[in-house]
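Reading through the structure tokens given below for one structure.
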Amino acid sequence: MKGDGPPASVTLQGVGAAPGMAFGPAFLVDRGSVRTPRYHLPPEKVDGEIERLRAAVRLSDEQLGAVRQRVERDLSAPAVPLGGTREHARIIDAYQGMLRDAFFLGEIESLVRTERLNAEWAVRRVLRRVKGSMAEGDEYFRERRGDLDFLGDRIVRNLLGQTVETFAVPPAGCVLVARDLSPADAMMMLVPGRVIGLVTDLGGRTGHTALVARAREIPTVVGAGDATRRIGRGDVVALDGVRGTVVIRPSAPELADVEAGRDRFLSHEREMLATRDFPATTRDGVRLRLLGNIEFPEEAPSLWEHGAEGIGLYRTEFLYLDRHEQPTEDDHFEVYRKLLEAAAPRPVTIRTFDLGADKVPGGPRRKEANPAMGLRAIRFTLRAPALFRAQLRALLRASKFGQLRLMLPMVSGLTELREARAHLEFARAELGREGIAAAERIPLGIMVELPAAAAIADRLARECDFFSIGTNDLVQYTLAADRGNPLVSYLYRPLHLGILRMIQFTVNAAHDAGIPVSMCGEMAGDPFYAAVLVGLGLDELSMSASSIPAVKKVVRALDAAEARQIVAEAMGFGTAEEIERFVRERMRGRFGELVEER
Ligand code: PEP
Ligand code: MG
């Protein structure tokens, strides 16, 4: 074999982060491998070193300012397809904020002075410490740590006098390959049509880059290990953004496979999108509403393209997690107003922030042994009235601009609901005194995601305007199985009888009280569960954009009466395995290709 022909193909397994298949020549973005020299300085060099550090930081700041300007320019050019851009401009602001932060710089300078470390080393040390303090937060924070590497690389490269590629323009039709993409890179480089696929060594499904890729519909595999080391510039790379596979230098038959898969995917998408404007109505006339989940307002256009009838969940904690400073009331207001205006007359369900003790940048950091059961979401919110008030005032001010629905996360009982409502009314009265009017009626709803809330759904339903069942947490708390822990993932089963009973009780309680009930956990976006959810009587299902067409297809092909029958029979079984097997058999016969992987 040696020396004969091209090297054999290699397959890497990563995490599918944006659906679709793509193949094309690789374009490597080389940012990850800057080497940091480490040495001690003689005392007389310290002052000069600090000057060198300050110059590099200033230069980094100027470079980011230039990027920021390009972003602004692109924003005013409507032809540029954007996703996440405004949000990303803010991220650059956050980087710049850090570069200008006296405390951050003071720490680096003090390492240079006291330990006489060279500037590159001191920068890495301080950033490592900051990262360490983020390590125990949840996934969002772990992924935000990549941003600090980005900042560190930039300063170190400037210290070393290396040119920092501002932003290389990727050639048309390429697969972008990078160790990780900072939000700034993602925003500038992921141009649909130009970049047809993305592979990164690091990152996870909920990382910022993955969100941007999904919003821009660029098939993506993240967490692909050492892709950047194995892929050479110009190598053909084929990727599957659903299965998470990356084939480097595919053989002719492998390429033909991917090509066929891509054609199937695209024609399937086309077929699915053809139903965009059809209602999600069962054959016997039960009308469901399919809505979208978003983390960034810029994801909304993709929802409309996929036929969402509104937004069922906007996770506002992302407003806090991407920046250095707390968002002000006006920051909140601007985001909500634009979103509501753009969506109108569709409803927009905005969830108040689901943050925890260690999840507020710059805020108090308490260590909790068990953060998932700790001071987070509404509990944290009620303990941080100033933050809550700023968000509520912004929501009320924005409510005039569209159809706002306000939703509270992790409510465990009536007390939290009542307290939150009192804050809302207080904010409304306060605004009234300032002469600012809010919409007269703003539906106030709660996430039903704690078993306690499900168990008293009848009481809660009397005091709120809608429910949204959050199965991601409901399953986790009911089965006491951490949603991110692979050791207990075998227990994490939405079709456990205990979960079905809770959903059933919640839906019935809502309907008895005359309020609608939605579901916005991942279960809602999986076509496999669609018949069960129709049978249980959900009024709305909220999911990511790309899930909508498939779920709609199942809903439109079903009879609600048949779905109720499936639920009745399924709930006759005792174990999750039996229920799953039964549902699988019933679904496979009818919707083969939609549920084939189960
Ligand atoms: C849920 O718990 O199902 C949910 C939608 O909320 P999150 O995933 O943001 O916790
Ligand atoms: Mg939740």
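Obtain the radius of gyration and the Kirkwood radius of the stretch 533-584 from its C-alpha atoms and give Rg over Rh. Can you show the working numbers first?
Numbers: Rg = 12.2 Å, Rh = 12.1 Å.
Using Cα coordinates only, the ratio equals 1.01.
Could you size up the charge dipole of the stretch 465-598 around its Cα centre, putting +1 on the beta carbon of Lys and Arg and -1 on that of Asp and Glu, and report it in debye to the nearest 20? Kindly include the intermediate steps, with their values, before the conclusion.
On the way: 13 positive and 18 negative charges, 50 e Å.
That gives the stretch 465-598 a dipole magnitude of about 240 debye.
Tally Lys/Arg at +1 and Asp/Glu at -1 over every other residue whose Cβ is under 12 Å from the Cβ of THR245; what's the total?
Summing Lys/Arg as +1 and Asp/Glu as -1 gives -2.
Which residue, chosen from MET21, VAL46, THR36, occupies the Cα position most advanced towards the positive end of the dipole of the stretch 13-54, where the dipole is computed from +1 (Lys, Arg) and -1 (Asp, Glu) charges on Cβ about the Cα centre?
MET21
What FRET efficiency comes out for the pair GLN69/ASP458, r = Cβ-Cβ distance, R0 = 45 Å, nearest 0.05?
Values: r = 56 Å, r/R0 = 1.25.
The pair GLN69/ASP458 has a calculated efficiency of 0.20.
Using only Cα atoms, find the angle between the long axis of helix 527-536 and the longest principal axis of the chain, and express it within 0 to 90 degrees, rounded to the nearest 10.
With rounding to tens, the tilt is 40 degrees.
For the chain, with only Lys/Arg (+1) and Asp/Glu (-1) charged at the beta-carbon, what is the dipole magnitude about the Cα centre, in debye rounded to 20? Don't skip to the end; give the middle numbers.
Details: 81 positive and 83 negative charges, 126 e Å.
The calculation lands at about 600 debye.
Starting from the Cα gyration tensor of the stretch 220-367, take the square roots of the eigenvalues, sort them a ≥ b ≥ c, and report rounded, prolate or oblate (rounded when a/c is under 1.5, otherwise prolate if a/b is larger than b/c, else oblate).
On the way: a/c = 2.81, a/b = 1.25, b/c = 2.25.
Cα axes put the stretch 220-367 in the oblate bin.
Test of understanding: extend the Cα→C-beta vector of GLU329 to 7 Å, then name every residue of the stretch 437-472 with backbone N under 20 Å from that spot.
437-442
What fraction of the DSSP beta bridges in the chain is antiparallel, stated in percent and rounded to the nearest 5?
Details: 20 of 59 bridges.
Roughly 35 percent of the DSSP beta bridges within the chain come out antiparallel.
Please report how many Lys pairs in the chain have alpha carbons closer than 17 angstrom, counting only residues at least 8 apart along the chain or sitting on separate chains. Present the calculation step by step, with values, prior to reporting the outcome.
On the way: LYS131/LYS359; LYS131/LYS367; LYS338/LYS400; LYS359/LYS367.
Number of lysine pairs found: 4.
Dipole size in debye (nearest 20) for the stretch 264-360 around its Cα centre, Lys and Arg Cβ +1, Asp and Glu Cβ -1? Don't skip to the end; give the middle numbers.
Working: 13 positive and 19 negative charges, 123 e Å.
Charge dipole, the stretch 264-360, about its Cα centre: 600 debye, nearest 20.
State the answer as a single residue: which of VAL221, LEU181, LEU239 lies farthest towards the positive end of the charge dipole of the chain, with beta carbon charges of +1 for Lys and Arg and -1 for Asp and Glu, about the Cα centre.
Among VAL221, LEU181, LEU239, the one farthest towards the positive end of the dipole of the chain is LEU181.
Rg and Dmax of the stretch 429-515 over Cα atoms: what are they, in angstrom?
So, for the stretch 429-515, Rg and Dmax equal 17.0, 55 Å respectively.
What's log10 of I(q)/I(0) for the stretch 477-556 at q = 0.18 Å⁻¹, Debye sum over Cα points only, no solvent?
Relative scattering, expressed as log10 I(q)/I(0), comes to -0.81.
How many nm separate the modelled label positions at ASP512 and ARG590, each set 7 Å beyond the Cα in the direction of the Cβ?
2.8
Roughly how many nanometres apart are two label points built 7 Å out from the Cα toward the Cβ at ARG100 and ARG125?
Distance between the two pseudo-spin positions: 2.8 nm.
Just subtract the alpha-carbon distance of GLN504 and ALA252 from 0.36 nm times their residue separation and send over the number in nm, one decimal. Mind showing how you got there, number by number?
Values: separation 252, 0.36 × 252 = 90.72 nm, distance 5.15 nm.
Extra length from GLN504 to ALA252 when fully extended: 85.6 nm.
With each run of n ≥ 4 DSSP H residues scored as -39500 (n - 2.57), what mean residue ellipticity at 222 nm is computed for the chain after dividing by its residue count and rounding to the nearest 500 deg cm²/dmol? Kindly include the intermediate steps, with their values, before the conclusion.
Details: 23 runs with 282 residues, N = 598.
It lands at -14500 deg cm²/dmol.
Can you bin the stretch 379-476 into rounded, prolate or oblate? Criterion: square roots of the alpha carbon gyration tensor eigenvalues sorted a ≥ b ≥ c, rounded for a/c under 1.5, prolate for a/b above b/c, oblate for the rest. Please list the in-between numbers first.
Working: a/c = 2.17, a/b = 1.83, b/c = 1.18.
Taking the square roots of the gyration eigenvalues as a ≥ b ≥ c, the stretch 379-476 is prolate.
So between ARG283 and GLU51, what do we pick up on full extension, going 0.36 nm a residue minus the alpha carbon distance? Numbers along the way, then the final one.
Working: separation 232, 0.36 × 232 = 83.52 nm, distance 7.32 nm.
In short, 76.2 nm is gained.
Give me the compactness ratio for the chain, meaning the Cα radius of gyration over 2.2 N^0.38 Å. Write out the running numbers ahead of the final one.
Numbers: Rg = 25.3 Å, N = 598, 2.2 N^0.38 = 25.0 Å.
Rounded to two decimals, the normalised Rg is 1.01.
Which Cα, out of GLY197, VAL123, SER251, lies furthest along the positive dipole direction of the chain (beta carbon charges, K/R +1, D/E -1)?
After comparing all options, I get VAL123.
For GLN565 and TYR490 in the same chain, what is the full-extension length gain: residue separation times 0.36 nm, less their Cα-Cα distance, in nm? Don't skip to the end; give the middle numbers.
Working: separation 75, 0.36 × 75 = 27.00 nm, distance 2.70 nm.
Gain on stretching GLN565 to TYR490: 24.3 nm.
Only the coordinates and a few stated rules stand behind these numbers; no lab work does. In this text, all values refer to a predicted model and were calculated from it rather than measured experimentally. Glycine also receives a Cβ, built like all others from the backbone with ideal geometry; neighbour counts cover every protein chain displayed.
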